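Here's the structure, in structure tokens; my notes come after.
The values are calculated or read from the model by the stated rules, or taken from the named source; none is laboratory data. No experiment lies behind these values; they were computed from the predicted model shown. We place every Cβ from the backbone using ideal geometry, glycine too, and count neighbours over all the protein chains shown.
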Amino acid sequence: MKKYLFLSAFLIGSCIAFTQTDDCACCSDSHMAFDFWLGDWEVTNTDGSPAGKNTIVKDQKGCILKENWTSATAGYTGASTNFYNLRTQQWEQLWIDNSGNHLKLKGNRVGNQMILASDEFLRPDGKAYINRITWTANADGTVRQLWEVLQDDKVVSVSFDGLYRKVN
């Protein structure tokens, strides 16, 4: 009986601890640090050619940024879930595309940039690399997304460099 009383008290206490009394559990400056990326976007490559379309919206009472990407290359799509992790005090992103590839990133905003990076991973050459994606909020309302691959803190390749322009 004592076990059941303890378990009941624990579960009730846990539920109360995770119940938010206000309407906005995710309205802190840290939670809104990536809001500059919200919207409907047309994305171009550095040469001006179309890269794709992207929609970023808030969900779960503003606690999640959801991305839905459609590439200009027919048949390629992807989506990400982005959130501010209170425990680690970092932003996290999980990207999954329609070919089954995924990417996990974490980091924070620095000035006008959101900088997220992956853990180290090994390529077939046996060397360790890191994916780093930087979103820069430009003064004209555009956003630049730069995806770099680093080895030993040096950029070895650019996987994507796109300019986001809002669709009105």
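From THR73, THR55, grab the single residue that is touching a strand residue (DSSP E or B) at 6+ places or on another chain (Cβ under 9 Å), in a loop (DSSP other than H, G, I, E, B) and free of Cβ contacts under 8 Å to residues at least 24 places away in the same chain. Let's see the steps before the verdict.
Numbers: THR55 fails: in a loop (DSSP other than H, G, I, E, B).
So the residue among THR73, THR55 that is touching a strand residue (DSSP E or B) at 6+ places or on another chain (Cβ under 9 Å), in a loop (DSSP other than H, G, I, E, B) and free of Cβ contacts under 8 Å to residues at least 24 places away in the same chain is THR73.
Conditions tested, residue by residue: (1) modelled with pLDDT under 95; (2) among the hydrophobic types (A, V, I, L, M, F, W, C); (3) in contact with a His (Cβ under 8 Å, 6 or more places away or on another chain); (4) at positive phi.
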| site | (1), (2), (3), (4) |
| --- | --- |
| ALA33 | no, yes, no, no |
| ALA51 | no, yes, no, no |
| ASN68 | no, no, no, no |
| THR77 | no, no, no, no |
| TYR84 | no, no, yes, no |
| THR88 | no, no, no, no |
| TRP91 | no, yes, no, no |
| LYS104 | no, no, no, no |
| SER118 | no, no, no, no |
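Between GLY62, GLY78, which is over 25 Å from ASN45 (Cβ atoms), of a type in the set (Gly, Ala, Ser) and surrounded by 15 or more Cβ atoms within 10 Å (Cβ to Cβ)?
Details: GLY78 fails: over 25 Å from ASN45 (Cβ atoms).
Going through GLY62, GLY78 in turn, just one is over 25 Å from ASN45 (Cβ atoms), of a type in the set (Gly, Ala, Ser) and surrounded by 15 or more Cβ atoms within 10 Å (Cβ to Cβ): GLY62.
Can you confirm whether the stretch 131-152 contains a residue that is over 19 Å from the mean Cα position of the chain (by Cα), part of a strand (DSSP E or B), surrounded by 15 or more Cβ atoms within 10 Å (Cβ to Cβ) and of a type in the set (S, T, N, Q)?
yes
So which residues in the stretch 89-98 are more than 12 Å from the chain's Cα centre (by Cα) and surrounded by 10 or more Cβ atoms within 10 Å (Cβ to Cβ)?
Of the stretch 89-98, the ones more than 12 Å from the chain's Cα centre (by Cα) are 89, 97-98.
Of everything in the stretch 89-98, those that are more than 12 Å from the chain's Cα centre (by Cα) and surrounded by 10 or more Cβ atoms within 10 Å (Cβ to Cβ) turn out to be ASP97, ASN98.
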